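Readers should treat all values here as calculations from the given coordinates under stated rules, not as data from a laboratory. Fair warning: this is a prediction, and the values are worked out from it, not measured in the lab. All Cβ positions, even for glycine, are placed from backbone atoms using ideal geometry, and neighbour counts span all protein chains on display.
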C-alpha cells in the first residue's frame with residue numbers, strides 16, 4: 001500500500017449534519033424549546049407556590065409534589081431510553097443509540113437524585129423522618145439510582161468506544177429491570193410503604209392542583225428533551241473529535257516516516 | 001432430537017468450564033486463603049459492630065448471613081474474573097468454539113458452588129457465635145441455593161463487564177452491591193423465616209430469589225458472547 005492511499009484511508013472525518021449525526025449543539029428548535037421550558041417552569045412555580053391550594057393534612061408541604069412526581073416519572077422515562085439504547089447497541093451496533101443511551105442515563109441520574117432529595121424533604125414534615133427504611137419505593141429508588149451511577153462509572157472506564165458501549169449496555173439493561181420493580185413496589189408491597197397510591201388516578205386532587213401537576217409533567221418532559229438533545233449532541237461531537245484526533249495522529253506519524 | 005443433542009453439548013460445556021474453575025480454585029487453595037477467612041472475619045466483625053449483644057445478633061442473624069454471602073460473592077467473583085483474565089484465557093475460551101452461554105453457565109455454577117460451601121460453613125458459625133438456631137432446614141437450604149444462584153449469575157455477568165479494566169475490583173463492587181440488593185432483601189426475609197426470627201412466608205421470598213437468578217441468567221446467556229468478544 002502506498003503512503004498516498006494510506007493517507008486517503010485516514011482522511012479527516014467531516015463534522016456531519018443530521019443524517020450522519022448533529023453538526024452543532026444548539027439549533028433554532030432547541031433554543032425555542034429551552035425558552036419555552038423556562039417560561040413553563042416560571043408558570044409552574046407561580047401556580048404551584050401561589051395559586052394551588054394547600055393540602056388539608058399536609059399543608060404547604062404538598063407543593064413539593066410539583067417537582068417530586070414529574071422528576072420521578074422523568075427519571076423512569078430517561079432510564080427506559082437508556083435501556084432501549086443499550087438494547088439497540090447490542091442488537092444493531094448503533095452508535096446513535098449508544099450515544100442516546102448515555103445522554104439519557106446522565107439526565108436520568110440527575111432526575112433520580114432530585115426525586116430522592118425532594119422525597120426526603122417531603123418525608124420530613126409528612127412522615128416525621130427524612131428516610132424510612134421500611135418504605136419499599138424509597139429504598140428501591142435508591143437502588144435504581146446507585147445502579148445507574150454504576151452505569152456512568154462504567155462509561156468512565158475508558159478504552160475503545162465499542163468496548164465501553166457493550167459494557168455499559170449490559171449495566172443499562174440490568175438497571176432497566178429495576179424500573180418496573182420501583183414503579184410497582186407500592187402496589188406489590190402495600191403493607192411495606194408509606195407512599196400513597198398514584199395521586200393522578202385516585203381523583204382526590206383539587207382541579208387547580210391537578211392542572212398544575214399536569215403542566216409540571218409537560219414542562220418536565222420539555223426540560224428532559226432539551227437536556228437529552230444537548231447531551232446527545234455533545235456526545236456525538238466528542239466521538240467525531242476523538243476519531244479526528246486519531247486520524248491526525250496517524251497522518252503526522254506517517255509524514256514522519258516518509259521524511 | 002436436535003434440541004436434546006444441543007442441550008447435551010450445552011450441559012457438557014458448562015460442566016467443563018465449572019470443573020475447570022473449581023479445579024483452579026482447589027489447586028490455588030484460594031478458598032482457604034481468601035474466601036473462608038474473609039467470611040469468618042465478617043461474622044466476627046459484625047459481632048463487634050453489634051456490641052457483642054447476643055439477643056440482637058440472634059435477631060439480626062438472617063440479615064448478617066445474607067450480607068456475609070454478598071461480601072463473599074464479591075471476593076469470589078473478583079477471583080473468578082482474575083482467573084479468566086490471566087494469560088489470555090478469555091480469548092482462548094472464545095476460540096474454543098464453545099457456546100458463550102454455556103461458558104457463562106459454567107462460570108456461574110462454579111461461583112455458586114463456592115458460595116454454597118461458604119454458606120455451609122457459615123451456618124455453624126452463626127449458631128456458635130450468634131446463638132442462632134435453624135427451625136426449617138429445607139427453607140434455609142432452598143434460600144441458600146437460590147441466593148447463591150442469584151449472586152453467582154449477577155456476579156458472573158458483571159464480572160464479564162469489568163474484565164480487563166485496571167480498576168476492575170472497585171468497579172465490580174460498585175456494580176454488584178446495588179444490583180444484588182434484591183437478593184439481600186429476599187434472602188434476609190427467607191432466612192428469617194428459616195431461623196424463626198420473623199413471621200413471614202419464606203418460600204415466597206425464595207421464589208423472588210429464583211426469579212432474580214433467572215433474569216440474570218437469561219441476560220448473561222444473551223450477552224456473554226458480546227462481552228467476551230469486545231471487552
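Just need the relative contact order of segment B:2-230 here, percent rounded to a whole number, with Cα pairs under 8 Å and 6+ apart.
28 percent
Could you give the angle, 0 to 90 degrees to the nearest 10, between helix B:100-129's Cα long axis and the longest principal axis of the Cα atoms of chain B?
Between helix and principal axis, roughly 20 degrees.
Averaged across the residues of A:163-176, what count of C-beta atoms belonging to other chains lies within 10 Å of each residue's C-beta?
5
Under a no-solvent Debye model with one identical scatterer per Cα of segment B:91-164, what's log10 I(q)/I(0) at q = 0.24, 0.25, 0.26, 0.28 Å⁻¹?
Values, matching the q order: -1.07, -1.12, -1.17, -1.25.
Roughly how large, in nm² to one decimal, is the mean projection of the convex hull of the alpha-carbon atoms in the protein assembly as shown?
Result: 30.2 nm².
Between residue A:121 and residue B:89, what's the calculated FRET efficiency when r is the beta-carbon distance and R0 is 45 Å? Round to 0.05.
Once the sixth-power term is evaluated, E becomes 0.35.
Can you pull the mean other chain C-beta count within 10 Å for peptide A:115-124?
Mean shielding count: 0.
Report, in degrees rounded to the nearest 10, the 0 to 90 angle that the Cα long axis of helix B:2-28 makes with the longest principal axis of chain B.
Roughly 60 degrees between the two axes.
Can you tell me the alpha carbon radius of gyration of segment A:29-248 divided by the globular rule-of-thumb value 2.2 N^0.38 Å?
1.12
Extension gain residue A:32-residue A:130, at 0.36 nm per residue separation less the Cα-Cα distance, in nm?
Between residue A:32 and residue A:130, full extension yields an extra 31.5 nm.
Over all directions, how big on average is the projection of the convex hull of the alpha-carbon atoms in segment B:28-108, in square nanometres?
Hull-based average projected area comes out at 6.6 nm².
With the contact rule set at Cα under 8 Å and sequence spacing of 6 or more, what percent relative contact order holds for segment A:29-248?
The normalised contact order for segment A:29-248 reaches 30 percent.
Rounded, prolate or oblate: pick one for segment B:1-54, where a ≥ b ≥ c are the square roots of the eigenvalues of its C-alpha gyration tensor, a/c under 1.5 means rounded, and failing that, prolate if a/b is larger than b/c, else oblate.
oblate
In Å, what Kirkwood hydrodynamic radius results for segment A:80-144 from the alpha-carbon pair distances?
Answer for segment A:80-144: a Kirkwood hydrodynamic radius of 13.4 Å.
Averaging the inverse of every distinct alpha carbon separation and then flipping it gives the Kirkwood radius. What is it for segment A:24-101, in angstrom units?
Every distinct Cα pair counted, the radius reaches 15.5 Å.
Return, for the Cα atoms of segment B:2-230, the radius of gyration and Dmax in Å, separated by a comma.
17.8, 60
What's the average, rounded to a whole number, of partner chain beta-carbon atoms within 10 Å of each residue's beta-carbon in B:214-223?
Counting other chains' Cβ atoms within 10 Å and averaging over B:214-223 gives 2.
Quickly work out the residue A:250-to-residue B:44 label distance, labels modelled 7 Å from Cα along the C-beta direction, and quote it in nm with one decimal.
Spacing of the two 7 Å Cα→Cβ label points: 5.8 nm.
Expressed as a whole number of Å, what is the distance separating the alpha-carbon centroids of segment B:140-205 and segment A:70-101?
When both Cα centres are located, 26 Å separates them.
Provide the three semi-axes, in whole Å and in decreasing order, of the ellipsoid equivalent to segment A:202-257 as defined by the square roots of 5 times the Cα gyration tensor eigenvalues.
Rounded to whole Å, the semi-axes are 53, 7, 4.
Please state, as a whole number in µm²/s, the translational diffusion coefficient that the Stokes-Einstein equation yields for segment B:115-227 at 10 °C and 1.306 mPa s, with Rh defined as the Kirkwood radius across alpha carbon pairs.
Using the Kirkwood radius from Cα pairs, D works out to 106 µm²/s.
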